[in-house]
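Structure, as structure tokens:
The values are calculated or read from the model by the stated rules, or taken from the named source; none is laboratory data. Only a predicted model underlies this, so the values are computations on that prediction, with no experimental measurement involved. All Cβ positions, even for glycine, are placed from backbone atoms using ideal geometry, and neighbour counts span all protein chains on display.
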Amino acid sequence: MFIRSLSKNLSLEDLRELERRIPYQKIYDSPTLKFYTNWSIYDRYIFSEDDLYKDLYVKSLGDLYERATADIYYLGSKVEILSNKNDHIDVRYYPRKEILEGSAREFFNIPDLFESKMILRHLLDISSGLYIDIKDSSKDLLKIYVGGSFKNSHLSQHIYIRIRDGVKSKILFIVDAPEDGMRTLFNEFNLENNAEATIGFIMFGGSASYNRNYLSLDKGSSVRFFTVIFGGEASTLINSYYLNGERSSIFSRSFTLSRGDEWVHNAEQAFLENIDTESRIFMRGVAYDDSKNIMRGYAKQSRDARRSKASVDVQGINLGGRSLLVTAPFIEVLSGDVDEASHSASQYTLDLDAEFYLRSRGLDKDDAIKILLKDYVEDYISGVDEDLQKVFREYLANYFIS
């Protein structure tokens, strides 16, 4: 079986026992926080194979990305391809049974497979998966909509994307919010030699969501990754970039919002494993009301990463009240011959006098905050790839841009 081959001949029952014993998060991962998110919320939702035959909850994201405008519509454990313009890609769908039996051999090629309870839960509860092979370059934006949740249960979705040698691709994910359930979504990207990708990822947190993006970059490949996260009751997004090939590079730019009593955790981590590799991580975020917004940026330059460059910049704005904002950058340098290794962090507090003035002029709290944060948000959007700016602006407009 597929699971047996992954787990060094552990049986399914052995893996279930391991999943029960290991923690969601190792405490020593964080020097400042005991927990990155409220893990107890995830324990509410237990998967059963019977759930695959129950009704699926779907929450509409509005007119912009209804069924007619997405190219690939991944809803629960089913998929629809709704566009015939993408002749440069092949898509294969795998149900749970085929994945567990070994048909999707490309899946789960990740280094930390057995280090977290949540990763094991995603594997053991897998509902379905997609394999997307991008064979030729295209200027068109490939739009992938991911949605659905099982009431009081766990929906586990998985996507593997191969971008072939020298291919240039643009991809946009819209990830809907789960409702009264938990969803895990894992995306694996394999960029072959000299491939280039621009990726947008817009995520809505909902009741409980745990999302991972794993990117493996071969020689000369490059990625520009742009993220917007709207927090939920318990929301996690971890992007991991593995720069395995020489001259590979990643440019990452993320924006995280938490409000009300939401708890959101965003982590960006780059592993530079070869010469002349480059990683640029920029993280921005806003926390207000009683929310918690945890942003961690990390870069590791290995012994083989000679002449590499790495920078991590984490900034956030705390709008006061009882909100918690954490900006935590880390750099680990193992090579004595790097061209750059830098990190920075900063936090700002909103000018309450300015907010008071705007509210005294008749604006409500939300409209006053929109005005005060408009330049901050526009600065983030201006750094996003042009093909994604319109979409990012339309979603952020409801929160920040009047």
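Listed residues 252, 258; which is free of Cβ contacts under 8 Å to residues at least 60 places away in the same chain, of a type in the set (Gly, Ala, Ser) and assigned by TED's automatic domain parsing to the domain that holds residue 355?
252
Which of the residues belonging to the range 288-309 are of a type in the set (D, E, K, R) and at negative phi?
Of everything in the range 288-309, those that are of a type in the set (D, E, K, R) and at negative phi turn out to be 290, 292, 296, 300, 303, 304, 306, 309.
Is there a residue in the range 353-367 that is buried (at least 20 other Cβ atoms within 10 Å of the Cβ) and closer than 27 Å to residue 393 by Cα?
So far as the range 353-367 goes, no, none of its residues is buried (at least 20 other Cβ atoms within 10 Å of the Cβ) and closer than 27 Å to residue 393 by Cα.
Of the residues 169, 127, only one is closer than 18 Å to residue 216 by Cα, buried (at least 22 other Cβ atoms within 10 Å of the Cβ) and of a type in the set (S, T, N, Q); which?
169
What strands (runs of 3 or more DSSP E) completely inside the range 123-235 contain at least 3 residues that are within 19 Å of residue 81 (Cβ to Cβ) and hydroxyl-bearing (Ser, Thr, Tyr)?
Filter on the range 123-235 gives 126-134.
Between 348, 357, 380, 399, which is at pLDDT below 80, touching a strand residue (DSSP E or B) at 6+ places or on another chain (Cβ under 8 Å) and either more than 30 Å from residue 247 (Cβ to Cβ) or not in a strand (DSSP E or B) (or both)? Give the steps one after another, and end with the answer.
Values: 348 fails: at pLDDT below 80; 357 fails: touching a strand residue (DSSP E or B) at 6+ places or on another chain (Cβ under 8 Å); 380 fails: at pLDDT below 80.
Criteria check complete, one pass: 399.
Could you figure out which of (1) more than 23 Å from residue 112 (Cα to Cα); (2) surrounded by 24 or more Cβ atoms within 10 Å (Cβ to Cβ) isn't true of residue 236?
Against the list (1) more than 23 Å from residue 112 (Cα to Cα); (2) surrounded by 24 or more Cβ atoms within 10 Å (Cβ to Cβ), residue 236 comes up short only on (1).
Is it the case that some residue within the range 196-205 is closer than 25 Å to residue 25 by Cβ, touching a Pro at 6+ places or on another chain (Cβ under 6 Å) and of a type outside the set (A, V, I, L, M)?
no
Only one of these is over 19 Å from residue 12 (Cα atoms) and at pLDDT 85 or above: 137, 83, 127. Name it. Give the derivation first.
On the way: 83 fails: at pLDDT 85 or above; 127 fails: over 19 Å from residue 12 (Cα atoms).
Just a single option satisfies the conditions, and that option is 137.
Being at pLDDT below 85, assigned to a strand (DSSP E or B) and over 27 Å from residue 235 (Cα atoms), is that true of even one residue in the range 49-64? Working first, answer last.
Filtering the range 49-64 for residues at pLDDT below 85 gives 49-64.
Remaining after also requiring assigned to a strand (DSSP E or B): 57.
Now drop any that are not over 27 Å from residue 235 (Cα atoms), which leaves none.
The answer is no, given that none of the residues of the range 49-64 is at pLDDT below 85, assigned to a strand (DSSP E or B) and over 27 Å from residue 235 (Cα atoms).
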